[in-house]
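Undergrad: The following block contains the structure, expressed as structure tokens.
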Amino acid sequence: MPEYSDKVMEHFTNPRNIGEVDEPDGVGEVGNPVCGDMMKFTIKVKDNRIEDVKYLTFGCGAAISVSSMVSEMAKGKTLEEALKITNKQVAEELGGLPGNKMHCSNLGADALHKAIEDYLEKEKISAKSSS
Amino acid sequence: MKEINLDYAAAAPVDSVVLDAMLPFFTEYYGNPSSGHKLGEKPRKALEEARKNVALLIGAQPAEIIFTASASEANNLAIKGIVKAGKKKGNHIIASSIEHFSVLNQLKTLQKEGFTVTLLPVDRYGIVNPDHLAAEITDKTILVSIQLANPEIGTIQPIDQLTALTREKGIPFHTDAAAAAGWIPIDVDKMGIDLLTMAGDQFYGPKGSGALYVRRGVRVSPIIEGGIQEKGLRAGTENVALAVGLGEAARLAYEAMPERPNKIVAIRDKLKESLFESIPQLHLNGHPEKRLPHNLNISVEFVEGEALLMRLEMAGIYVSSGSSCTSQALKSSHVLTAIGVPPELAQGSLLLTLGVESNVEDIPYITDKLAQVSELLRNMSPLYHKYLKEGNNNARVQ
């Protein structure tokens, strides 16, 4: 087993917020099986806040722990706050990641941001069509 | 907690008979086999006895065995040694695309140095087509190196059909038998092999023990120069204890043939059957029959290997994977890629290798645990959810 921190192992053993939210307001997908990892984040937004967030992950121990950590960090935050979550912060919150696993942490925040951007895009379109 | 090793190809315990045979040569019989006096006598005799036992395992003559410190070293001596000795004859080398890195990386270097290297493709089971070899041999070919069996997918090559082609042209044929020696019967004469690599740690000998068989008359240059130990092909004071360990392991493997491998095959096949019965969307990598007795390589569709490996470790089961995430280079197995396993299935590959302690009683536990962790990881896999939504129409054909 790679040398993962206790925090990584804890999230890997008990991953939080697995799945897909019903009728998501935003969806963000990153990665592909060729590179080894895939993540799909779905979010529910209420009053500019991330009311619910879930994910599906195909990937290694680090990828699963990163997804779980990102979901915890994002829940309840405003969209602006959530967009500010960086991959570096996620890795730090997890007590660090082995050098060759840092790329996994890059996917987590990216997938979340994509889901938020997807929501914002849809909002723009619906605002336009209603005006 | 219960502990089950299903990664014996990575490491296996040294047989206690082997260890007992080795130990006196560290202390009591510490002499140098090259000494002219009495202290060298016993070690020298032991070294030659070991050579005889190693030769017996592969149907060779004792004088054709060169002790090395690993199979990687033996592969280096074979390839570099042939190339150095045969430079004037040509600059073309042929190997298969699924060789071990101790072969492939040397060939990469030789290519940079101006040699022409042909890597033969393999079929979906990992087998080299003799016609492909025949088509690639030229007047400039100085070496063909094709493994006897693949350490990862266990596929055994039709070696006599391949050597028949080099033999008629007088081209030396090297086979990396690190994964095969001690597990399947080998006769270098009948199989037409000119050079053969083996590793003691693959059949209950110590790590650090290997050998290269070089057929009498085949010209090889040394890569370690110095004294005239090992017929001048490997300088340095002989590691008598390790050589004794290899010899003893070879003797035991020879005596246990075919009972030991047959016993393991039976367990392996039961395990395979049990896993395929209990876990849907499981795929076998490698040939269904032409494979090493202790090797099982499967892909769990929709999930990634490192996550599987970690979850199985939590259940006390130790396995290995061809996933890119488990490799330091972050590349998925070149072997699985060469046999056409799609990337997502290569990521979910598990290499299970059985050994001495493997038994049928553990099979239900292994099956339950793998079924559990597969389900758990599938439930969080976007690929699995996609598959469930799109129905079975897109499912891979077993």
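Undergrad: Please give the helices (runs of 4 or more DSSP H) falling wholly within the range B:4-94 in which 1 or more residues are among the aliphatic types (A, V, I, L, M) and touching a His at 6+ places or on another chain (Cβ under 7 Å).
TA: Result: B:71-86.
Undergrad: Between a first residue in the range B:343-366 that is at positive phi and a second residue that is buried (at least 16 other Cβ atoms within 10 Å of the Cβ) and small (Gly, Ala, Ser), which pairs have beta carbons less than 6 Å apart while being 6 or more apart in sequence or on different chains?
TA: none
Undergrad: Please enumerate the residues belonging to the range A:22-54 that are under 19 Å from B:Asn379 (Cα atoms), modelled with pLDDT of 95 or more, among the aliphatic types (A, V, I, L, M) and crowded, with 21+ Cβ neighbours inside 10 Å.
TA: Passing the criteria: A:Met39, A:Ile43, A:Val53.
Undergrad: Here's a follow-up. When residues of the range A:33-52 are filtered for being assigned to a strand (DSSP E or B) and within 14 Å of chain B (Cβ to nearest Cβ), how many remain?
TA: Final tally of qualifying residues: 6.
Undergrad: Among helices (runs of 4 or more DSSP H) lying entirely in the range A:73-131, which contain 1 or more residues that are surrounded by 13 or more Cβ atoms within 10 Å (Cβ to Cβ) and among the polar types (S, T, N, Q)?
TA: A:87-93, A:102-130
Undergrad: Out of B:Val319, B:Val303, report the one residue that is of a type in the set (Val, Ile, Thr), at the interface with chain A (Cβ under 8 Å from one of its Cβ atoms), touching a residue at least 24 places away in the same chain (Cβ under 8 Å) and crowded, with 18+ Cβ neighbours inside 10 Å.
TA: B:Val303
Undergrad: Looking at the range A:42-50, can you tell me whether even one residue there is of a type in the set (Asp, Glu) and touching a residue at least 40 places away in the same chain (Cβ under 8 Å)?
TA: Checked the range A:42-50: no residue is of a type in the set (Asp, Glu) and touching a residue at least 40 places away in the same chain (Cβ under 8 Å).
Undergrad: Report yes if some residue within the range B:16-30 is touching a residue at least 60 places away in the same chain (Cβ under 8 Å), acidic (Asp, Glu) and closer than 24 Å to B:Ala253 by Cβ; otherwise report no.
TA: No, the range B:16-30 contains no residue that is touching a residue at least 60 places away in the same chain (Cβ under 8 Å), acidic (Asp, Glu) and closer than 24 Å to B:Ala253 by Cβ.
Undergrad: Just to check your reading of the model, which residue among B:Gly322, B:Gly286 is modelled with pLDDT under 95 and out of contact with any His (no Cβ under 6 Å at 6 or more places or on another chain)?
TA: Residue meeting the stated conditions: B:Gly322.
Undergrad: Look at the range B:271-292 and say how many of its residues are buried (at least 23 other Cβ atoms within 10 Å of the Cβ) and either within 14 Å of chain A (Cβ to nearest Cβ) or in a loop (DSSP other than H, G, I, E, B) (or both).
TA: Residues meeting the conditions: 3.
Undergrad: I would also like to ask the following. Name the residues in the range B:222-257 that are basic (Lys, Arg) and under 16 Å from B:Asn53 (Cα atoms), would you?
TA: Once the filter is applied, which keeps residues that are basic (Lys, Arg) and under 16 Å from B:Asn53 (Cα atoms), the range B:222-257 yields only B:Arg251.
Undergrad: Moving on. Can you work out which of the residues in the range A:1-18 that are assigned to a loop (DSSP other than H, G, I, E, B) and at the interface with chain B (Cβ under 8 Å from one of its Cβ atoms) is modelled with the lowest pLDDT?
TA: Looking at residues that are assigned to a loop (DSSP other than H, G, I, E, B) and at the interface with chain B (Cβ under 8 Å from one of its Cβ atoms), I get A:Met1.
Undergrad: Return the pair list, or none, for Cβ contacts closer than 6 Å from residues in the range A:13-29 that are over 19 Å from A:Asp110 (Cβ atoms) to residues that are assigned to a strand (DSSP E or B), at least 6 apart or on different chains.
TA: A:Gly19/A:Lys54
The values are calculated or read from the model by the stated rules, or taken from the named source; none is laboratory data. Remember, predicted model here, so these are calculated numbers, not experimental data. FYI the Cβ positions are ideal-geometry reconstructions off the backbone, even for glycines, and counts take in every protein chain you see.
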